Amino acid sequence: MPAEGRREPGASPREGGAVDNASVPPSEWTIQECVARYLERADGFPRRSEGESVLFEHVPKDARRVLDLGTGDGRLLALLRRDRPEIVGVGVDFSEVMLDAARKRFAGDERVDLVRHDLSEPLPALGRFDAVISSFAIHHLEHERKRSLYGEVFDLLGPGGIFANFEHVASATHRLHLAFFAAIGEPIENEDPSDRLLDVQTQLEWLRAIGFDHVDCYWKWLEMALLVGVKPPQDALPA
Ligand SMILES: C[S@@+](CC[C@H](N)C(=O)[O-])C[C@H]1O[C@@H](n2cnc3c(N)ncnc32)[C@H](O)[C@@H]1O
């Protein structure tokens, strides 16, 4: 998602609308002004709340522990807990600037833990979760790391647990990529130089191969997509 109005060398659109920014680290998320610019507009992305509400519908009603990957200022966790304050949340992010904003948001709330961690590295021991959620974060990781992270998410979930990744995904064509930026009112030059966008289908295939059930894209609008997989219940898992 757009974080700052700049595009760096090496951030070149490829055929199919995928964006290859492999040489650009996601360092803008550690810069106060870039974070502030994103957070100012975070509520304003068209159709965002539609995708979020579909995500919330699929978090099981009895979910108690929920992990939010790339939590930023804790927006998604906070929205989920608005109607379900009994949920215990863990938010992971590598940006101190974002984590500071999340600490302010959750000040005094003992049911939310914030953990500084770079998702390009294997997840630390965080315990078991009933749901792992994420919003516009995992697309900053290299594709191979996305895939291995999905495997780690599977291991962290309890039987029947859900993984719901509300994600910025690659368009099928460059024209559609441009159409997405036009639709969100953002000049293409403002494209986030650290985006490593990947198509929906590849990610769904990975989730199926890992062992998730009921894998599908549950909601999509242009480059915003909700990818969901459910860990099989205990009796379906190999002994
Ligand atoms: C577009 S913001 C989304 C924040 C929040 N999830 C939301 O929906 O508003 C992307 C987030 O991913 C985090 N992020 C990017 N790369 C990361 C990494 N390698 N490890 C941990 N967090 C990362 C950024 O710090 C930032 O908070």
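What follows draws every value from the coordinates through simple rules; no lab data is involved. None of the values given here were measured: they were computed from a predicted structure. Reconstructed Cβ throughout: ideal geometry from the backbone, glycine too, with neighbour counts over all protein chains shown.
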Stretch Glu205-Glu121 to full length: gain in nm at 0.36 nm per residue minus the Cα-Cα span?
-> 28.0 nm
Whose amide H sits under 5 Å from the amide H of Trp219, counting only residues 5 or more places off or on another chain, with H placed in the peptide plane?
-> Leu226
Taking H placed 1.01 Å from N in the peptide plane, check which residues at least 5 places from Gly161 or on another chain put their amide H under 5 Å from its amide H.
-> Lys231
If N is the residue count of segment 52-99, its Cα Rg over 2.2 N^0.38 Å rounds to 1.13
Least to most buried among Ser120, Ser27, Ser135 (fewest other Cβ within 10 Å first) = Ser27, Ser120, Ser135
Dmax and Rg, reported as Rg then Dmax, of segment 27-232 (C-alpha, Å) = 16.0, 47
Considering the chain as a Gaussian network with a 10 Å cut-off on Cα pairs, which listed residue, Asp100, Asp109, Asp192, attains the greatest mean-square fluctuation?
-> Asp109
Considering the chain as a Gaussian network with a 10 Å cut-off on Cα pairs, which listed residue, Phe212, Phe106, Phe45, attains the greatest mean-square fluctuation?
-> Phe45
Cβ-placed point charges (K, R +1; D, E -1), dipole of the chain about Cα centre in debye, nearest 20 | 400 debye
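Give me the mean projected area, in nm² to one decimal, of the convex hull enclosing the Cα positions of segment 155-212.
Computed as one quarter of the Cα hull surface, the answer is 5.2 nm².
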For the chain: lysine pairs under 22 Å (alpha-carbon distance), excluding those fewer than 8 apart on one chain = 4
Taking amide hydrogens as modeled 1.01 Å from N in the peptide plane, which residues meet the under 5 Å criterion relative to Glu186, leaving out close sequence neighbours?
-> none
